[in-house]
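Have a look at the structure below before the remarks.
The values are calculated or read from the model by the stated rules, or taken from the named source; none is laboratory data. Fair warning: this is a prediction, and the values are worked out from it, not measured in the lab. Because the Cβ atoms are built from the backbone with ideal geometry, glycine has one as well, and the counts that use them run over all protein chains shown. Side chains included, ligands, DNA and RNA excluded: accessible areas come from the protein's heavy atoms. Shrake-Rupley method; radii C 1.70, N 1.55, O 1.52, S 1.80 Å.
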Amino acid sequence: MSVPDTQRLLAELLLDPEARAAWSADPRGYARARLTDQAEIDMVANLDPRGLTAMAASLAEKEARWRHFHDLGHKVMARRRADRNRQEGHTPEARHTHPPTHTEPARS
Amino acid sequence: VIEVGCAYRTGLLPHLVDHLDLVDVFEHSVDDFVAGAEEGLAAARRVADLGPITLHSIGLSVGSVDATARPDHLRECREVLRATGVPELSDHFAYSRVEGRRLHDFAPLWRVEEQLELVVGNVHAIQDALGVPLALENVAMVFDPGGEMSPAEFANEVVRRTGCRLLLDISNLLIDESNGLCNAGQELAMLDLDAVTGVHLAGGEEVDGIVWDAHHAPVPTSDIEWLTRLLPEMPNCRSVIIERDGRLQQGHELIDDLRRVRAVVAAHQQPTEVAAASAAG
């Protein structure tokens, strides 16, 4: 048994519409082709399609939102750096701060 | 003493500013402070100086091999914990990264022995790196991979093997029950409530027959009733936090939530006085 293998497969199912479509067409066949342990195969074959699809849609929405705010964060930090450099009379290269790295899922 | 508070959101401040007496503690995201290095640490210190805070994490991915793959992130979290003096960090029974690939939400754990061993190893490593205990929270599952153990049995075993604590999200558990994924009463009867150091509450949202942990609505009455029932059984609970992330223009709903929760916690902490007052009034 390999938990990392099953997590990799679940991540594919959640993030990749083509993988999800292939799994939906034949859940057990999809699992058998990618896993060797019977318990792993049973787990992947018995996943609830409705829940999996709903979560995949939610992840796609959250990723889009994250990209929006990530880009916005970069812009805000760049503007702050420019303002500070201007106030301190530094060249743009003289200081460096990291942009925000809010890279994680929504809170729970 | 159990502190009542809410997760900090800038958009809630216009509603909270005249009701700060209702908030004993703000829950902040440690991830907000790890960005920007020194600026983040300075902000964390300033925030902690303003009043009690708890720190919550969404980025440790405790359930996957990625948990120990980012030592810099753990070091930054430790610096924030030291700067603020907060004695524990909470995160989730879940994973949010798989071999560097971000999921943008929490994937539920397959509750088998190998997964348990992975979580236990990660929790040991994270606690060593942070220098404080973790408190792990149950997530709301939209689908359940299942396994050999119930969620409560899995959580208890992690606590037993690592000494970590639990952050009980009553609302998530009741959402799981609404989605047909567990029996909340049975789970709570099994859960090691002595290990619970904090509680989360939030309002969910039903979309196409699935209830989501949306944090967009008032805390349901059923969740408050469970809190009332459980408080006497959680002797180490130190905080009850209400999470509100959406429809912030309806912030008055949070004020009402805070009042309802404070009343429950006050009744729990001073049962005789409240009973006497009720009898007299």
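Looking only at the range A:75-108, filter to residues that are within 12 Å of chain B (Cβ to nearest Cβ) and at pLDDT 80 or above; which one of those is most open to solvent (accessible area, probe 1.4 Å)? Per the stated criteria, the residue is A:Arg80. Within the option set B:Val86, B:Val142, B:Val47, B:Val62, being surrounded by fewer than 23 Cβ atoms within 10 Å (Cβ to Cβ) and part of a loop (DSSP other than H, G, I, E, B) holds for one residue only, B:Val86.
Going through (1) away from chain A (no Cβ under 12 Å); (2) surrounded by fewer than 18 Cβ atoms within 10 Å (Cβ to Cβ) one by one, B:Asp72 falls short only on (1). Checking each residue of the range B:10-28 against the condition of being among the acidic types (Asp, Glu), open to solvent by less than 10 Å² (accessible area, probe 1.4 Å) and in contact (Cβ under 8 Å) with a residue 12 or more places away in the chain gives at least one match.
Pairs are defined by a Cβ separation below 8 Å, a sequence spacing of at least 6 or placement on different chains, a first member in the range B:115-136 that is more than 14 Å from chain A (Cβ to nearest Cβ), and a second member that is of a type in the set (Gly, Ala, Ser); the pairs so defined are B:Ala125/B:Ala67; B:Ile126/B:Ala67; B:Gln127/B:Gly163; B:Pro133/B:Gly163; B:Leu134/B:Ser90. Residues in the range A:11-23 that are within 14 Å of another protein chain (Cβ to nearest Cβ), part of a helix (DSSP H, G or I) and out of contact with any helix residue (DSSP H, G or I) (no Cβ under 6 Å at 6 or more places or on another chain) were compared, and the one that is most open to solvent (accessible area, probe 1.4 Å) is A:Leu15.
Restricting attention to the range A:36-52 and to residues that are outside any helix (DSSP H, G or I) and open to solvent by 50 Å² or more (accessible area, probe 1.4 Å), the residue that is nearest to the other protein chains (Cβ to nearest Cβ) turns out to be A:Asp48.
The residues of the range B:82-107 that are more than 9 Å from chain A (Cβ to nearest Cβ) and closer than 24 Å to B:Arg160 by Cα, listed by number, are B:Val86, B:Pro87, B:Glu88, B:Leu89, B:Ser90, B:Asp91, B:Phe93.
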